[in-house]
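The values are calculated or read from the model by the stated rules, or taken from the named source; none is laboratory data. For clarity, every value in this text was computed on a predicted model and none was experimentally measured. Quick reminder, even Gly has a Cβ in these numbers, built from the backbone with ideal geometry, and neighbours come from all protein chains shown. Just so you know, the surface numbers come from the protein's heavy atoms only, side chains and all, with ligands and any DNA or RNA stripped out. Shrake-Rupley method; radii C 1.70, N 1.55, O 1.52, S 1.80 Å.
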Amino acid sequence: MQTLRVALLHLRVGVMTDLQYRVNFALQVLQSLLALATGLVVFSLVYAHTTELNGWSQNELLVVLGVQIVMGGVIRAVVQPNMMRFTEEVRDGKLDHALTKPVDAQMLVSVRQVEVWQAVDLLTGAGVIVVALIRLDGGVGPLDVLGFVTALAVGALLLYCFWMLLATLAFWIVNMWHLPELFEGVFQTGRWPIGIYPPWLRFSVTFLVPIAFAVTVPAEALTSRLDWETLVLAIGFACVFFAFTRWFWRFGLSRYTGASA
Amino acid sequence: MSTVPASLPEAGRVRSWVDFYLTSMRTQISSQFQYRAAAYMYLLGMVAEPVIYLVVWTTIAEDSGGTVGGLTAGDLAAYYIVWTFVRNMNLVFTPFGWEWRIRDGELSGWLLRPLHPIHYDIAGFAGSKIPWLLFYLPIAVVLTLVFDPTFDVRAAEIAVFAVAIWGAYLIRSFNQGALGLVCFWTTRVSALFSLYIMVELLLSGRLVPMTLMPDWVQTLAWFLPFQWTFFFPIETLVGDYSNTELLRGLGMQVFWILVGIAIFSLVWRHAVRHYTAVNN
């Protein structure tokens, strides 16, 4: 309980810090719209050459795009800033400050930094999803929404774990500057239905890098493609993945020696 | 603050330039070899982009009877594999680097040096290409084995490719350099840079082979610098250009390098007057 309170307090301070820079909001909106425009142009190009991609129509794939934008927003707002700060602190030996606090260190390094304007993508993504659902006109039931919200939460947890695993490598690797590029590159696979990838790649982006669970599964929930087995599998996998991340974090931490403090 | 490089004695001048470039390149080569893990993080992230495009377009080709816009799965594979090579080569100093240099006052130190800062960027990145290409080779082998590209290459095409990748490097160096100079006026530039990247993505052949674009886009792209940094170098190996077309492409690259130098120098002269050191 106390852990949760500390986490929320950190997040609130982070949000308040960022809210001071209001021009950044306008800039982020602009950037978010540009990214969306690029995505839409790519889609129109693809669907100029075909009517269905691996069984997904343009509007259905629009749902996938919306989910991917939402997830990207979550990652860039709360996960990536924390993880990058953490890797830098390992390099500079400043992690001592976090480790000496009387709360769980993994929790602490995961909540100290928020880039609140990046959350604009939550709105952009939600907008895309709504437009796509209206155009699909398929009718989304309450169960679909429940499945969607669950899948979204599970997906966010999985992506956090994946980032945490990569960031923990900082205990071995000094130079982690390119980590966002690595994540961003791989994350783009989530923009397309998982079925188009060759089997080895499909396996990788499902279990090694849990993009499929994070993006495709929520999108399947909204387009009534989701079966409950997949959702249960996703939840089970998230638990295992989280436990592994936790173990790996402890294992990495045991190698840490403060460099400067 | 003076921006004119101090003049060297005429006789030693060329030698000093060559010496400077070689030394900067050597330094970068050694330093890049230190950070192998970082290089692979970047390379894997970079390779994801073309692999996704390749898979998407291959799926479309297979769904529509084997080809899309006249390209087979093998052609597409060849295109996007050469893409990764070209991308390695045309990677340049990011415009965001200028934001950081100017905002942190880092530039003050650079301005005191006898050479213009862009020489350090061009020489440094040129040097880092060598270790990066070495790191990249295994990835290229894996991509070739997995995606089975079809190649039909002539000696002249390889020769032109070897030149064109450096042409692409210089065009992008000056374009992105000039864009970076906007930071002298404002440091809130990320939206502008995103716009640039979006235009480049669509008009360079980075997203899809230009032949899959609507005709008017292809015509527009021909008159802009972007496609000479992706599509043209890739097509020298993958497409079948005649010798005339190859030479014309190199000519266009020279033209855009000169335009880039002109714009960069012009903007630089005005930009540097706006600089006030914040830090350092």
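Kindly indicate whether residue A:13 is open to solvent by less than 50 Å² (accessible area, probe 1.4 Å), more than 30 Å from residue A:212 (Cβ to Cβ) and more than 9 Å from chain B (Cβ to nearest Cβ). Let's see the steps before the verdict.
Details: open to solvent by less than 50 Å² (accessible area, probe 1.4 Å): no; more than 30 Å from residue A:212 (Cβ to Cβ): yes; more than 9 Å from chain B (Cβ to nearest Cβ): yes.
Answer is no for this residue.
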Kindly indicate whether any position in the range A:74-95 is out of contact with any His (no Cβ under 8 Å at 6 or more places or on another chain), in contact (Cβ under 8 Å) with a residue 12 or more places away in the chain and closer than 27 Å to residue A:224 by Cα.
yes
Exactly one condition in (1) of a type in the set (S, T, N, Q); (2) surrounded by fewer than 14 Cβ atoms within 10 Å (Cβ to Cβ); (3) more than 14 Å from chain B (Cβ to nearest Cβ) is false for residue A:59; which is it?
(2)
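Counting only residues that are farther than 23 Å from residue A:56 by Cα and open to solvent by 40 Å² or more (accessible area, probe 1.4 Å), which one in the range B:38-76 is nearest to the other protein chains (Cβ to nearest Cβ)?
As a first pass, look at the range B:38-76 and keep what is farther than 23 Å from residue A:56 by Cα: B:38-47, B:70, B:74-75.
Keeping just the survivors that are open to solvent by 40 Å² or more (accessible area, probe 1.4 Å) gives B:40, B:44, B:70, B:75.
Values: B:40: 9, B:44: 6, B:70: 11, B:75: 14 Å.
Taking the candidates together, the pick is B:44.
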Quick check on my filter: what residues within the range B:117-150 are assigned to a helix (DSSP H, G or I) and of a type in the set (S, T, N, Q)?
B:128, B:144
Name every residue in the range B:171-220 that is buried (at least 22 other Cβ atoms within 10 Å of the Cβ) and basic (Lys, Arg), in order of residue number.
B:172, B:206
Return the pairs, sorted by first residue and then second, in which the second residue is surrounded by 13 or more Cβ atoms within 10 Å (Cβ to Cβ), the first residue lies in the range A:10-21 and is assigned to a loop (DSSP other than H, G, I, E, B), the beta carbons are less than 9 Å apart, and the residues are 6+ apart or on different chains.
A:21/A:117
Given A:70, A:114, A:154, A:149, which one is open to solvent by 10 Å² or more (accessible area, probe 1.4 Å), outside any helix (DSSP H, G or I) and touching a Pro at 6+ places or on another chain (Cβ under 9 Å)?
A:114
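Go over the candidates A:127, A:141 one by one and state the one that is among the small types (Gly, Ala, Ser) and touching a Ser or Thr at 6+ places or on another chain (Cβ under 9 Å).
Values: A:127 fails: touching a Ser or Thr at 6+ places or on another chain (Cβ under 9 Å).
Every option except A:141 fails the conditions.
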Select from the range B:221-264 the residues that are farther than 24 Å from residue B:75 by Cα and surrounded by fewer than 16 Cβ atoms within 10 Å (Cβ to Cβ) and list them in ascending order.
B:223, B:224, B:251, B:254, B:255, B:258, B:259, B:262
Against the definition (over 30 Å from residue B:214 (Cα atoms) and facing chain A (nearest Cβ under 8 Å)), how does residue B:35 come out, yes or no?
yes
Read through the list (1) over 26 Å from residue B:175 (Cβ atoms); (2) open to solvent by 70 Å² or more (accessible area, probe 1.4 Å); (3) of a type in the set (Val, Ile, Thr), then give the number of the only condition that residue B:27 fails.
(1)
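Residue under question is residue A:44, and the condition is that it be part of a helix (DSSP H, G or I), surrounded by 17 or more Cβ atoms within 10 Å (Cβ to Cβ) and within 14 Å of chain B (Cβ to nearest Cβ); does it hold? If you could, list the steps in order and put the result at the bottom.
Values: part of a helix (DSSP H, G or I): yes; surrounded by 17 or more Cβ atoms within 10 Å (Cβ to Cβ): no; within 14 Å of chain B (Cβ to nearest Cβ): yes.
The answer is no for residue A:44.
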Considering only the range B:48-116, give the helices (runs of 4 or more DSSP H) lying wholly within it that have at least 3 residues that are at pLDDT 85 or above and under 22 Å from residue A:197 (Cβ atoms).
B:73-90
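Within the range A:132-145, can one find any residue that is assigned to a helix (DSSP H, G or I), open to solvent by less than 30 Å² (accessible area, probe 1.4 Å) and touching a residue at least 40 places away in the same chain (Cβ under 8 Å)? First the steps, then the outcome.
In the first step, residues of the range A:132-145 are kept if they are assigned to a helix (DSSP H, G or I); the result is A:132-136, A:142-145.
Filter once more, so that each one left must be open to solvent by less than 30 Å² (accessible area, probe 1.4 Å): A:132.
Filter again for touching a residue at least 40 places away in the same chain (Cβ under 8 Å), leaving A:132.
Yes - at least one qualifying residue is present in the range A:132-145.
Output the helices (runs of 4 or more DSSP H) that fall wholly within the range A:178-251 and possess 2 or more residues being within 14 Å of chain B (Cβ to nearest Cβ) and either under 30 Å from residue B:91 (Cα atoms) or among the aromatic types (Phe, Trp, Tyr) (or both), or say none.
On the way: elements: A:179-187, A:199-203, A:217-222.
Filter on the range A:178-251 gives A:179-187, A:199-203.
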Pick from the range A:28-41, criterion within 7 Å of chain B (Cβ to nearest Cβ) and of a type outside the set (A, V, I, L, M), ranking: farthest from the chain's Cα centre (by Cα):
A:38
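Results for (1) out of contact with any Phe, Trp or Tyr (no Cβ under 9 Å at 6 or more places or on another chain); (2) away from chain A (no Cβ under 14 Å), shown as yes or no for each residue.
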{"site": "B:212", "(1), (2)": "no, no"}
{"site": "B:228", "(1), (2)": "no, yes"}
{"site": "B:235", "(1), (2)": "no, yes"}
{"site": "B:244", "(1), (2)": "yes, yes"}
{"site": "B:257", "(1), (2)": "no, yes"}
{"site": "B:273", "(1), (2)": "no, yes"}
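Could you look through the range A:121-175, keep only residues that are aliphatic (A, V, I, L, M) and within 14 Å of chain B (Cβ to nearest Cβ), and pick out the one that is farthest from residue B:35 (Cα to Cα)?
Looking only at the range A:121-175, we keep the residues that are aliphatic (A, V, I, L, M), and these are A:122-123, A:126, A:128-134, A:136, A:140, A:143, A:145-146, A:149, A:151-154, A:156-159, A:164-167, A:169-170, A:173-174.
Those still in the list that are within 14 Å of chain B (Cβ to nearest Cβ) too: A:165-167, A:169-170, A:173-174.
On the way: A:165: 20, A:166: 16, A:167: 16, A:169: 14, A:170: 13, A:173: 9, A:174: 8 Å.
Filtering first and then ranking leaves A:165.
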